[in-house]
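The values are calculated or read from the model by the stated rules, or taken from the named source; none is laboratory data. Keep in mind it's a predicted model, so treat the numbers as computed, not measured. Ideal geometry is used to build each Cβ from the backbone, glycine not excepted, and the neighbour counts take in all protein chains shown.
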Amino acid sequence: MEKQHHFTGQDPLKQLLFKNIQAILQENPFVQSILPAFEQIMEFAQVIIEQLEESGQSPLVSCQCGCSYCCHSQVKIIPIEALLIYTYVKRTFNDIEISDLKKRILFFSNLTRGKTFEQRFSMKQALPCIFLKSEQCCIYQARPSICRSWNSLAQSACITAYNSKNSQAEIESSPARDYVYGSARELFEMITRQQALQAQTLHMHQAIDDCFNNPDPLTQWSRGIDIFHIRPRM
Ligand code: SF4
Ligand code: SF4
């Protein structure tokens, strides 16, 4: 029998999001509904953001297609996001694109293995995200919540940070995006834990590699099997 999910917090946004998630999860068995639930809630979060920005309650951001200074860092995701990205890749990439992606994962792994955060930061210009192609995200529709929430009010600040050796460079951003997408992600982490499934935060390139190395990652994960290998802390 599938486990019940519950949320007892007082945050009105999280209550609203949770109600919507629950409604989607009740439509089908968990394994069939969890990824559509994540996709639909991310779309719902985007509508909330657009309304806040159009009404002037949240500042407009400088982010636009083809701007990718922020896509040169190690992205951390939760298992649901890894499974959603993997499913999207399997559905939309051809054999050559999958082969290229596997090469980029290997390149990324070889270059970052055993490195400290500061060492990896200093290599950022040589380390584009595994999904960055021609300065565009090739999994845009399935990109993780951290990429949806990351934003800047001034592209010039991102360029300065990109060219800087300072890993703590400040970039002024819109808190609304962080709050809305972050709230959605927290709820999915909570639901995953309530379902007693693997829920740890993962490095994206490693998590996608783990999916490729499993014949049916979504089914196995949803049965409680630890399909993601937790590497030593870097
Ligand atoms: S966060 Fe900065 S680098 Fe990333 S898309 Fe926005 S403006 Fe461009
Ligand atoms: S997943 Fe897409 S948006 Fe996120 S860092 Fe990679 S290329 Fe950029």
Legend entry - Pro128 within 15 Å of ligand 1 (Cβ to nearest atom) and farther than 26 Å from Glu39 by Cβ: no
Inset, instruction - Could you list, in sequence order, all residues of the range 149-186 that are near ligand 1 (Cβ under 8 Å from one of its atoms), touching a Lys or Arg at 6+ places or on another chain (Cβ under 9 Å) and polar (S, T, N, Q)? - result: Asn151
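Residues are listed down the side, and each one gets a yes or a no for (1) surrounded by 17 or more Cβ atoms within 10 Å (Cβ to Cβ); (2) modelled with pLDDT of 95 or more:
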residue: Lys103; (1), (2): no, yes
residue: Leu106; (1), (2): no, yes
residue: Ser109; (1), (2): no, no
residue: Glu118; (1), (2): no, no
residue: Cys129; (1), (2): yes, yes
residue: Gln141; (1), (2): no, yes
Inset, instruction - Output the helices (runs of 4 or more DSSP H) that fall wholly within the range 113-200 and possess 3 or more residues being farther than 30 Å from Phe93 by Cα, or say none. - result: 117-122, 155-163, 175-194
Inset, instruction - Tell me, please, whether a residue that is closer than 30 Å to Phe107 by Cα, within 18 Å of the chain's Cα centre (by Cα), away from ligand 1 (no atom under 16 Å from the Cβ) and assigned to a loop (DSSP other than H, G, I, E, B) can be found in the range 58-68. - result: no
Inset, instruction - Return the total of residues in the range 109-148 being under 30 Å from Gln46 (Cα atoms) and of a type outside the set (Gly, Ala, Ser). - result: 22
Legend entry - Number of the condition not met by Ser73 [criteria: (1) away from ligand 2 (no atom under 16 Å from the Cβ); (2) surrounded by 17 or more Cβ atoms within 10 Å (Cβ to Cβ); (3) assigned to a loop (DSSP other than H, G, I, E, B)]: (1)
Inset, instruction - Among the residues of the range 149-172, write down those that are within 13 Å of ligand 2 (Cβ to nearest atom) and free of Cβ contacts under 8 Å to residues at least 40 places away in the same chain. - result: Ser149
Legend entry - Residues of the range 109-148 that turn out to be of a type outside the set (A, V, I, L, M), more than 9 Å from ligand 2 (Cβ to nearest atom) and in contact with a Lys or Arg (Cβ under 9 Å, 6 or more places away or on another chain), as a count: 5
